[in-house]
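Working notes, beginning with the structure itself.
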Amino acid sequence: MVLVEVASNSVHSAIQAQKGGAKRIELCGNLMEGGTTPAKSQIELTRENVDIALNVIIRPRGGDFLYDELELESMRRDIRLCGEIGCDGVVIGVLDAYGNVDIAKNKELVEIAKELNLSVTFHRAIDRSRDIFEALETVIELG
């Protein structure tokens, strides 16, 4: 059986995706920016209205994938919020200034998610990494 995941940017599109046979939703805001963390109300309403797996992108802004401490704190809080709301997983990705997967920062985010029984997917930051094959190995090691 093929798992169909649909990127949705609203409660309505998530509901339609479920009706169309999707088995998992990746909820995100600002698709034109490549996807950012949706509003709390959108996450809550989507969880209340779809029964399939719900993964939420954790990305405080568009642009690069190099985040400062305030942005990382926002990401930590958003992951915890997803756990409280009852999401199934989060979608993350942090790179360093050289375009490598930032092991320490991603590891911290993964640990927070795992403590909340959230699955973790590494998002399109991997496409922007310096060496996609090295990045893939690093992501695998992160779990």
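The values are calculated or read from the model by the stated rules, or taken from the named source; none is laboratory data. On a predicted model such as this, the values are computed, not experimentally measured, just so you know. So basically every Cβ, Gly included, is an ideal-geometry build from the backbone, and we count neighbours across all protein chains shown.
Residues that are closer than 26 Å to residue 23 by Cα and without any contact (Cβ under 8 Å) to a residue 40 or more places away in the chain were ranked within the range 55-75; the one that is surrounded by the most Cβ atoms within 10 Å (Cβ to Cβ) is 56.
Across the range 25-54, which residue is surrounded by the most Cβ atoms within 10 Å (Cβ to Cβ) among those that are in contact with an Asp or Glu (Cβ under 6 Å, 6 or more places away or on another chain) and of a type in the set (A, V, I, L, M)? Checking each candidate, the answer is 54.
Of all residues in the range 86-104, none satisfies the criterion of being part of a helix (DSSP H, G or I) and crowded, with 19+ Cβ neighbours inside 10 Å. Of all residues in the range 40-61, those satisfying the criterion of being within 14 Å of the chain's Cα centre (by Cα), over 13 Å from residue 92 (Cα atoms) and not in a helix (DSSP H, G or I) are 53, 54.
Looking across 72, 142, one residue alone is at pLDDT 95 or above and aliphatic (A, V, I, L, M). It is 72.
Yes or no, residue by residue, for (1) under 21 Å from residue 142 (Cα atoms); (2) at pLDDT below 95:
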{"residue": "51", "(1), (2)": "no, no"}
{"residue": "54", "(1), (2)": "no, no"}
{"residue": "91", "(1), (2)": "yes, no"}
{"residue": "98", "(1), (2)": "yes, yes"}
{"residue": "107", "(1), (2)": "yes, no"}
{"residue": "116", "(1), (2)": "yes, no"}
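Residue by residue, here is whether (1) closer than 25 Å to residue 3 by Cα; (2) out of contact with any His (no Cβ under 8 Å at 6 or more places or on another chain); (3) among the small types (Gly, Ala, Ser) holds:
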site: 38; (1), (2), (3): yes, yes, no
site: 42; (1), (2), (3): yes, yes, no
site: 48; (1), (2), (3): yes, yes, no
site: 56; (1), (2), (3): yes, yes, no
site: 74; (1), (2), (3): no, yes, yes
site: 87; (1), (2), (3): yes, yes, no
site: 94; (1), (2), (3): no, yes, no
site: 124; (1), (2), (3): yes, yes, no
site: 132; (1), (2), (3): yes, yes, no
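Would you point out the residue of the range 113-125, among those that are within 13 Å of the chain's Cα centre (by Cα) and outside any loop (DSSP other than H, G, I, E, B), that is farthest from residue 94 (Cα to Cα)? So, considering only residues that are within 13 Å of the chain's Cα centre (by Cα) and outside any loop (DSSP other than H, G, I, E, B), the one farthest from residue 94 (Cα to Cα) is 119.
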